[in-house]
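Working notes, structure below.
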Amino acid sequence: MDQSAMEKYLVQIEDVLENAKTVPFSSKVSVDKEQVYEILDEIRLNLPNELKESKKLIENKDRFLRDAEKRSESALESAQAEATAIIEDAETRALRLVSEHEIYKRAMEEAEILVEEAQRDSRSVRLNSMEYADEMLTKAETVLRQTLENADRQHSEASLFMNKILDTLFENRQELRGGSKN
């Protein structure tokens with residue numbers, strides 16, 4: 001919501017206060033509650049999209065983290081299953097080649113190579129999964145930090161603006177009362 005829209009709503013509230021009937025024997029006024037609620041509803045409808053988006057981000061954060069964790073676990077399980085299959089394949093080959101010493105020796109070397117490759121592949125898949133999860137979490141953290149900073153900035157600006165309006169209203173009341181403090 002830009003400042004001119006906020007000022008428009010504040011002017012509407014001032015009009016409601018100025019047109020309000022005074023309560024006899026007091027400085028209080030009686031206002032049309034429905035009219036004030038309508039103005040407040042308009043303000044709520046025109047709140048900045050960053051606030052709405054930050055709420056959505058916060059609501060989706062846990063789901064996003066669970067999804068990233070599931071993907072990481074799934075990739076790790078897949079890599080482990082593939083490594084197990086490769087190891088079992090290597091063991092099967094080694095048993096078939098047991099008949100001769102030289103063949104057996106070559107089979108054992110090949111099995112070791114396959115096991116090392118499977119372990120390297122498993123580590124690689126695991127590291128890639130962890131890097132992906134870290135990247136996604138970093139992006140989520142960055143978006144949430146930016147959203148929080150925007151919300152804090154807008155809250156500060158709105159607070160300063162409202163304090164200014166309150167000061168102006170107080171000064172106007174003082175002028176109406178002839179400058180005396182009540």
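The values are calculated or read from the model by the stated rules, or taken from the named source; none is laboratory data. Because the structure is a prediction, the values reported are computed rather than measured. Ideal geometry is used to build each Cβ from the backbone, glycine not excepted, and the neighbour counts take in all protein chains shown. Areas reflect the complete protein model, heavy atoms only, side chains present, ligands, DNA and RNA absent. Shrake-Rupley method; radii C 1.70, N 1.55, O 1.52, S 1.80 Å.
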| field | the chain, accessible area per residue, ligands and nucleic acids excluded (1.4 Å, Å²) | value | 79
| Using modelled backbone amide H atoms (1.01 Å from N, in-plane), which distant-in-sequence or interchain residues come within less than 5 Å of VAL31's amide H? | none
| request: Output ³J(HN,Hα) for segment 111-124: one whole-Hz value per residue in order, computed from phi by the Karplus curve 6.51 cos²θ - 1.76 cosθ + 1.60 with θ = phi - 60°, and x for Gly and Pro. | output: 5, 4, 4, 4, 5, 4, 4, 5, 5, 4, 4, 5, 4, 4
| field | Vicinal HN-Hα couplings computed from phi for segment 16-28 (Karplus, 6.51 cos²θ - 1.76 cosθ + 1.60; Hz; Gly/Pro x) | value | 4, 5, 5, 8, 6, 7, 7, 7, x, 6, 7, 8, 7
| remark: Length gained if ARG145 through ARG120 is fully extended, taking 0.36 nm per residue and subtracting the Cα-Cα distance, is 5.4 nm
| said: At R0 = 25 Å, how high is the FRET efficiency between TYR9 and LEU176 if r is their beta carbon distance? Nearest 0.05 is fine. | reply: 0.65
| remark: Per the helix-only model, the chain has a calculated mean residue ellipticity at 222 nm (DSSP H runs of ≥4, -39500 (n - 2.57) each, divided over all residues, rounded to the nearest 500) of -31000 deg cm²/dmol
| query | Cross-link partners among lysines for LYS21, C-alpha distance below 16 Å, same-chain residues fewer than 8 apart left out? | reply | LYS33
| query | Is segment 1-66 best put as rounded, prolate or oblate by its Cα gyration tensor, with a ≥ b ≥ c the root eigenvalues, rounded for a/c under 1.5, and otherwise prolate when a/b is larger than b/c, oblate when not? | reply | prolate
| note | 1/(1 + (r/R0)^6) with r = Cβ-Cβ of SER74 and LEU47, R0 = 35 Å, i.e. FRET efficiency to nearest 0.05, evaluates to 0.35
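By its C-alpha gyration tensor, with a ≥ b ≥ c as the square roots of the eigenvalues, how is segment 95-182 shaped: rounded for a/c under 1.5, else prolate for a/b larger than b/c, else oblate?
Verdict is prolate for segment 95-182.
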| query | Using θ = phi - 60° and the Karplus form 6.51 cos²θ - 1.76 cosθ + 1.60, what ³J(HN,Hα) does each residue of segment 159-164 get, whole Hz, x for Gly and Pro? | reply | 5, 4, 5, 5, 4, 4
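Computing the accessible area with a 1.4 Å probe over protein heavy atoms, can you report the carbon and sulfur percentage for segment 45-168?
On the way: 5070 of 9580 Å².
Whole-percent figure for carbon plus sulfur exposure: 53.
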| message | Averaged across orientations, what area in nm² does the convex hull of the alpha carbons in segment 26-164 project? | response | 12.8
